[in-house]
Structures are given as C-alpha cells and as structure tokens.
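Here's the structure, in structure tokens; my notes come after.
The values are calculated or read from the model by the stated rules, or taken from the named source; none is laboratory data. Because the structure is predicted, anything quoted here is derived from the model rather than measured. All Cβ positions, glycine included, derive from the backbone under ideal geometry; neighbour counts span all protein chains shown. Accessible surface is based on the protein model in full, side chains and every heavy atom, while ligands, DNA and RNA are left aside. Shrake-Rupley method; radii C 1.70, N 1.55, O 1.52, S 1.80 Å.
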Amino acid sequence: MKQNAQAAFLGRPIVLAIATAALAVPSTVAAQDTQADDNIIIVTAQKREQSSLDVGINLSVADQETLVNRRIDVATDIVAITPNISIKENVPGLVPVITIRGVGLNDFSATNNPSAGVYVDEVSLSSLALMNLDFFDLGRIEILKGPQGTLYGRTATAGAMNIVTARPNFLGLSGKISGTIANYETKEFDAMINVPVSDAFSIRLAGKGIFQDEGFFQDATLGRDIGRREVLLGRAQALWEPSDDFEVLLKVESQRGRSELGSGEFFGAFPTPLTPAGVTCPGQPECSDFLGNIDLDGDPFRGAYSVDPSYNFDQLNFTARVEADLGFATLTSVTGYIDFDRQWSADTDAGPLPQLDFRNNDDVQQFSQELRLSGQTDLVDWLIGAFYSDDDIISSFSGDLSALLNTTTFTISDQQSRSAAFFANGEWKVGDGISVVTGLRYTDEKRTNLGGTTDLVSLAPGSGLSMAPFGSPPIPLAVSDQTITDTNWSWKLGVNWKPADDTLVYASVTQGWKSGGFFSGVAVTSAQLTPYLPEKLISYEIGVKGRARDLGLSYSLSGFYYDYNDVQTFIREDIGGIPVQRLGNVDEAKIFGLDLDLTLRPRALSGLTLNAGIGLLDTKLGDFLSGTGPVPEGNRLPDAPSISLNTGVAYEFDLTSAIAARLALNARYQSSAFKDALNDPIIRADSFWVIDARASVFSEGDWDVSVWGKNIMDERYVVQGVNQLSFGMGFRVYGAPATYGISLTKSFN
C-alpha cells in the first residue's frame, strides 16, 4: 500500500550499508549489551533495572548469547526458552498466537489485540498482525508469566514478552557479520556495527536478510514447492548522552517481505471407495469433502491448493526514548509509531478447488506514548505514569466460494481504538529483607467497528449465501457500525522476602484485564458481529527463586491459581442454519499450575551446563452454549497442554589456548492439547517431542563456526486445527520440519 515503496527503499540500503561498514571494522568482539553480575541478568521487567533475583515475578530470560546459540530467530521459537508457553501459527508462516499458562486469544484477525502482550523496546504491539517477528541484533528477551496489567496495560492478561534490541554503546568501534547456509536452499546474512561518534553520541546499525528459495510445502496445483521466503530487515539507532543526567535514544526500523505461505493439511468428512481400510471418517485426509477431494499421500506438507501463496508485507517503525534525571526522580518518555501493511491468502478448505478461499489485506497504523516518573526513598521504590495509544486497523477479505457456494464475498472491518491509562507502582520496604508491592492502573478505552460481509451475487441464479437471483446487486449479509467503551481497574498486591542475598520468596494477588472487541472475519449475520465482552483474570501466585552457589545451581519455582472470568475464545455456532465461527465469551474458567526452572553448572565439571523446565497445567472451562447445544463445565482451555518440558545439556571445552568448542542438545515436550473451547477431538493435537542440536568451534570474541539442526528427528506435530465439517472439510497446521545448516560469524573491535 502507501508504505510499500518507502519500506522497500529503506530496507535494502540499510542492510547493504551495514554489511559494507561491518567489513571495514578492525578485528575482535563487540561488547554484549546484556548486563550481568556472576550470571545474574539485569532485567527491566518492572520498568527499572533490577537483578532477576529481586523481581517477584515468574520470569525467564534469554540473553544475547542464548538467543544466538539456540537460534531463536522468530516468535514461534520462544517456546524453547521456558515451559507453560504455547505459540501456534493459524496459517503456516503467519499469525502466531501466544498462550501463556493456558491464557491466550484463539483468534487470527489483525484487528484484535493479543492476550499475551508483546513489547519491542517498551512499545506495545497492538495487533496480532504484528506478531510475525524475525529477530536480529537483540540484547535479550524477557518472558513474564501471569497478568502484568498494572505496568503493561490492556494486552497483558496472560503475561508479557519484552523484546529488547541491542543499544548503541560507548565501548568503542565494534561490529559483527555472519552468514548461514541451510537446507531448503536457505541463505541468511546479518551484520551489526556500533560507532561511538564522540563521547556523547553513538550510533548502531543492524540488518538481516533471509532468502529461502525452496519452501517446506509441495503444491500439486502449481507443480512446485511453496513457502519460500525473502525478507529484508534493517535498524538504525542513535544514542545521545550530553550529560550523566540526560539521554535520548532514537530508533528507525524497516522490514520488507516478499515471501510465500504454506497451507494446512486437508481432512474430509466422508468415506469413498478410495478411502483405505481402517480409516475412520470424518476427520482424516483420506476422507472426502462434498466435491470429492481426498488426500492419499500421507504427507502433511504436500497437497493441491487453490490460492496464490504470496505473502507480502512492509513495516516501518519509529521509537524515541528520552530519559532525564531530575534529582528527586527520573522522567522517562517512550514514543512509538508503527505503519504496517500486508497481503496474503488463506486456502481454508486446503484443497484444489476454490471452496473457502480468501485474499486478505491488513493495514495497521499505531501510535503510543508513555510517560513515567520514578524514584526511590528509604521507604519505597515508586513509579507513576500515563499511557495513550491510538490504533487504526483495516482488515479486508475477498472470498472465493465459487466451487462450493457459487458466489464470491467481500468482508471488511475498520476498527479504531483509543486507550488512555494512569498507573502507579510501589515497592515498600517494611522490614529486614521484606517488601510489599502495590500497583494500580486505570484504563479507559474506546473502540469502533465499521464493516461487515457482502455477498457479491457474482456467479449463478439462486446462488451464494443470500440465494438472491443472479444479476442482483450485492447483498449485505452482516453489518456492524458500533462503538464500545471499556473502563477498568487493574491492580497488584504482593510480598517479597529475601531471607538471603541469593534467595527470593514471593507471593502476589494480581488482577489483569483485556478489553472487549469485535469479530472481524467472514459473517453471515450481523449477530456474529456483536461485540464480545472484556475478560478479567485474578491470579494468586507464590514462588521462590535463587541460587545455590556451592552447587552451581539456579532455580525458580512457582505455583498459581487463576480465577478467569468472561473468557474470550473462539466458539462455533449455527446461526440461521449456517455453521459459523465467532469470538465470544465463556462465563468462567479455573486454572491451576506450576512452573519449575533449573540450571546447573557443576563446579566439579567446568564447562558443563544442564537446564530443565517443567510446566504443569490443570484448566477447566465453565459451561456455555454452542451450535450443538449446551457444553457442560469441565472442558479444557485451548492450547493448554497439561505437561510441558524444556531440557538441555551443553558442554564447552578448550581445543587450544585460543580455540574452544561447544556442544549442545536441547529438547522440548508438550502433552496433548485441544485447539478450541469445544474440545473437539478431531482437531486435538497429540503429544510430541522436538529436539535441536548445535556444535560450535570458536575463538572467544573473534570468530565462530557452528553446525546446527532444529527438529532433528523430523517430528510431525500439529500446532493448530480448524474443523469445518459442516462444509465437508477442515485442516490441520503442522510445525516446521527438520532444518539444518552451518553458520559463520566474525566479530570486530
């Protein structure tokens, strides 16, 4: 759209300029921006710098080294960091949805806000369309579990993900350049350069290019593979520190993609003479839809599809962070602007004929401003602030239903949201090693929706959803012109106790809130577009974290109970005899769970690191109505496996006085999980293991050569499923197959 040319203009030169500059920098390493003291990472989870052992929140952190070593490159890789988190793609290569401890919005629409807040350099990403993140030159990623409403606001009912890019610094001229060659004809390139122009001014340029010339999927209709990627990313930052009391950090970032999407695996409703013996219909690829389509190849990455697989996007971001030490307090301003648009197609029948095909266009414009004033006294560490955001999101779907319903449709939703909030947080020192945490946030949000679905009555007499005579003007099926206003108080009350410097015991009660909104998908009646209600979650949590220095052990253990009301989730209904999906509310849910994270670096065996994470969940939805009748209490929440595990072992050892090696093996496990509130067994995902491995030879601060593999056992596992058997079909989305490659990195200083 209007930013395509601008984003393309900015993206390519930034990448090329960074590459040229990095090659010109003399030898050794750029300093890491993540600050640490004896393996304690400094985090900003509470919007001020603290040791992770001083934060009474279940918190997982991946620093710069971990992100590189584990090849955490995109949003879906975050599941490798910690248990009790699930990230699924609703379309292969698109629309990742984050669920933390069973709390997440099971939606695909660009107009909706996530339940798990994602923040890039303190700027909230308001739209699900912005979740397709490719990572490069990061300082760290922080995962905060549980509602974070007092400090993070409307999109943090489930928790928050803080993505912190590497800042410019004054440690000297430095840079890094790396390249990767991998299977599926993949080439990746990224580079960084940090230039202290003076004692008060420094710039940092970073860029990345991803070129995958062979997709994971084979499309019999096109006679070739699909799912190819071409992505260019560039970032420029400038840091000005004229004095110890004042700093300005400016960032501009451009992203440009000319890629392709994959498709889900088809399943049908009816047996045919071709259906193999022993296959039970419905719900299997070997079953047929209404038009006789059947899938007998046994490969979830192979099919015959009917849409253009192209996926094009352009994004331009601006962020300004200003901090001033006023003596009695520190004033911080964070301003963010995002302009994003994309075009993509969804073959939701996963077959060769246009039964339920949609070409989608999303346009997101977002502005946000936060002001904070923080300080400390002998009694309290305090923070007060105000937040404002203005989002305008236009999402449209051109539907081709010609093979099934003899018509085409057009759906559009223009949603505008205005949100304002005031918040305060205090950590009160009430005794030796004991503090009380109080937080409060008031939010006022207004949202409007203008749009609906129109039957274009485009093909044959008596066709389409409206059954209007051929030649009739387009028939509006569903119309929305509504405004909703939500006001809410979020709060937190907690107690932190430090019985020793290396131990923190904490307990808290926290209320989080997520605003209501509008369904913006294809609708056959205006009732589908009725706004859904805000949801509220009260969390009760107790935990302990610390280190046993003599053992080389770091640990974090927490147990929690959630009282969850007006749960926003996708439900299926029959409206006017037509099966539809829409966003609605379930009155209540209860969640019990536990998180355990362990890291062991045995003193007796230098270079060995063992880590393990265990997540346990017990979720229970209240009763609700669906298109098939009343659903009794007791269903599990979507994307909430009862058990999730993360394990890893790494061993680092010297080859010579200047060269070392590192071997690493990591695995994660998820037990079976349902994919909708109805707990439909047809689209339930079975349990699975995914194993990654990496071997590196390196010279510290100079160069690194690594051979790596992800999902090395080529596990085939389901991440999403959609049941449309009322139309004769459905589809399942699978996680990525095995990938492997070699990466070379050279650092300069």
Which residues, taken from segment 320-344, are open to solvent by 40 Å² or more (accessible area, probe 1.4 Å) and aromatic (Phe, Trp, Tyr)?
Phe328, Tyr337
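Step by step: first the residues of segment 722-749, then only those that are among the aromatic types (Phe, Trp, Tyr) and touching a Pro at 6+ places or on another chain (Cβ under 8 Å), then the one that is nearest to Trp708 (Cα to Cα). Which residue is that? Steps first, answer last, please.
Let us first name the residues in segment 722-749 that are among the aromatic types (Phe, Trp, Tyr), namely 727, 731, 734, 740, 748.
With touching a Pro at 6+ places or on another chain (Cβ under 8 Å) added as a condition, the list becomes 727, 734, 748.
Details: Phe727: 43, Tyr734: 21, Phe748: 23 Å.
Selected residue: Tyr734.
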Give the residues of segment 405-421 that are more than 30 Å from Asn113 (Cα to Cα) and open to solvent by less than 40 Å² (accessible area, probe 1.4 Å), sorted by residue number.
Thr407
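If we scan segment 454-472, do we find a residue that is within 25 Å of Asn112 (Cβ to Cβ), outside any strand (DSSP E or B) and at pLDDT below 90? Let's see the steps before the verdict.
Going through segment 454-472, the residues within 25 Å of Asn112 (Cβ to Cβ) turn out to be 454-455, 465.
Filter again for outside any strand (DSSP E or B), leaving 465.
Next cut, at pLDDT below 90 only: 465.
Yes: segment 454-472 contains one or more residues that are within 25 Å of Asn112 (Cβ to Cβ), outside any strand (DSSP E or B) and at pLDDT below 90.
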Breaking point among (1) modelled with pLDDT of 75 or more; (2) crowded, with 18+ Cβ neighbours inside 10 Å, for Leu10:
(1)
Report every pair of residues separated by at least 6 positions or lying on different chains whose Cβ atoms are under 6 Å apart, first residue within segment 75-89 and touching a residue at least 40 places away in the same chain (Cβ under 8 Å), second charged (D, E, K, R) and surrounded by 22 or more Cβ atoms within 10 Å (Cβ to Cβ).
Asn84/Arg101; Asn84/Asp595; Ser86/Asp639
Among the residues of segment 698-706, is any out of contact with any helix residue (DSSP H, G or I) (no Cβ under 7 Å at 6 or more places or on another chain) and either without any contact (Cβ under 8 Å) to a residue 24 or more places away in the chain or open to solvent by 60 Å² or more (accessible area, probe 1.4 Å) (or both)?
yes
Can you name the residue in segment 40-67 that is of a type outside the set (A, V, I, L, M) and either touching a Phe, Trp or Tyr at 6+ places or on another chain (Cβ under 6 Å) or under 22 Å from Met192 (Cβ atoms) (or both) and is also surrounded by the fewest Cβ atoms within 10 Å (Cβ to Cβ) among such residues?
Glu65
Residue in segment 413-430 that is assigned to a strand (DSSP E or B), on the phi < 0 side of the Ramachandran plot and free of Cβ contacts under 8 Å to residues at least 12 places away in the same chain present
yes
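Quick one: count up the residues across segment 122-156 that are within 18 Å of Gly512 (Cα to Cα), in contact with an Asp or Glu (Cβ under 8 Å, 6 or more places away or on another chain) and at pLDDT 90 or above.
So the first thing to find is which residues in segment 122-156 are within 18 Å of Gly512 (Cα to Cα), and the list is 124-126, 143-156.
Now restrict to residues that are in contact with an Asp or Glu (Cβ under 8 Å, 6 or more places away or on another chain): 126, 145-146, 154.
Among the residues that remain, those that are also at pLDDT 90 or above are: 126, 145-146.
Residues flagged as within 18 Å of Gly512 (Cα to Cα), in contact with an Asp or Glu (Cβ under 8 Å, 6 or more places away or on another chain) and at pLDDT 90 or above within segment 122-156 amount to 3.
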Restricting to segment 661-686, name every residue that is more than 20 Å from Gly735 (Cα to Cα) and open to solvent by less than 10 Å² (accessible area, probe 1.4 Å).
Ala661, Ala677
Right, Gly172: of a type in the set (Gly, Ala, Ser), part of a loop (DSSP other than H, G, I, E, B), open to solvent by 10 Å² or more (accessible area, probe 1.4 Å) and more than 22 Å from Ser51 (Cβ to Cβ) or not?
yes
Would you check which residues across segment 431-442 are at pLDDT below 95 and part of a strand (DSSP E or B) and list them?
Gly431
Based on what the data block shows, is Thr165 over 27 Å from Gly721 (Cβ atoms), of a type outside the set (A, V, I, L, M), touching an Asp or Glu at 6+ places or on another chain (Cβ under 6 Å) and in contact (Cβ under 8 Å) with a residue 40 or more places away in the chain?
yes
Across segment 638-660, what is the total count of residues that are open to solvent by 30 Å² or more (accessible area, probe 1.4 Å), under 30 Å from Ser743 (Cα atoms) and not in a loop (DSSP other than H, G, I, E, B)?
7
Contact list please: Cβ distance under 8 Å, first residue in segment 190-217 and in contact (Cβ under 8 Å) with a residue 60 or more places away in the chain and of a type in the set (S, T, N, Q), second residue buried (at least 23 other Cβ atoms within 10 Å of the Cβ) and part of a loop (DSSP other than H, G, I, E, B), pairs at least six apart or on different chains.
Asn194/Ala30; Asn194/Pro168
Of all residues making up segment 260-273, the number that are open to solvent by 40 Å² or more (accessible area, probe 1.4 Å) and more than 13 Å from Asp289 (Cα to Cα)
1
Only residues in segment 494-514 that are more than 14 Å from Tyr540 (Cα to Cα) count as the first member; pair them with residues that are outside any strand (DSSP E or B) and among the β-branched types (Val, Ile, Thr), Cβ under 7 angstrom, at least 6 apart or cross-chain, and list the lot.
Trp513/Thr157; Lys514/Thr155; Lys514/Thr157
Of the residues Glu633, Glu700, only one is more than 26 Å from the chain's Cα centre (by Cα) and modelled with pLDDT under 95; which?
Glu700
Taking Thr82 as meeting all but one of (1) at pLDDT 90 or above; (2) within 13 Å of the chain's Cα centre (by Cα), write down the number of the exception.
(2)
Does Ser368 meet the test of being touching a helix residue (DSSP H, G or I) at 6+ places or on another chain (Cβ under 9 Å) and touching a residue at least 60 places away in the same chain (Cβ under 8 Å)?
no
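Every residue, every condition in (1) of a type outside the set (Lys, Arg); (2) within 22 Å of the chain's Cα centre (by Cα), yes or no:
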| site | (1), (2) |
| --- | --- |
| Gln218 | yes, no |
| Gly234 | yes, yes |
| Leu239 | yes, no |
| Glu247 | yes, no |
| Leu250 | yes, no |
| Arg256 | no, yes |
| Pro271 | yes, no |
Lone unmet requirement of (1) under 23 Å from Phe136 (Cβ atoms); (2) without any contact (Cβ under 8 Å) to a residue 60 or more places away in the chain; (3) of a type in the set (Gly, Ala, Ser) for Ala736
(2)
Name the residues in segment 274-305 that are under 21 Å from Asp219 (Cα atoms), open to solvent by 40 Å² or more (accessible area, probe 1.4 Å) and of a type in the set (Gly, Ala, Ser), would you?
Gly292, Gly298
Could you list, in sequence order, all residues of segment 124-150 that are assigned to a strand (DSSP E or B) and open to solvent by 10 Å² or more (accessible area, probe 1.4 Å)?
Ser124, Asp134, Leu138, Arg140
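Of all the residues that make up segment 94-114, how many are under 24 Å from Tyr669 (Cβ atoms) and either open to solvent by less than 10 Å² (accessible area, probe 1.4 Å) or at pLDDT 90 or above (or both)? Step through it out loud before you land on a result.
Let us first name the residues in segment 94-114 that are under 24 Å from Tyr669 (Cβ atoms), namely 96-104, 106.
From the residues that got through so far, the ones that are either open to solvent by less than 10 Å² (accessible area, probe 1.4 Å) or at pLDDT 90 or above (or both) too are 96-104.
Residues that pass the stated criteria total 9.
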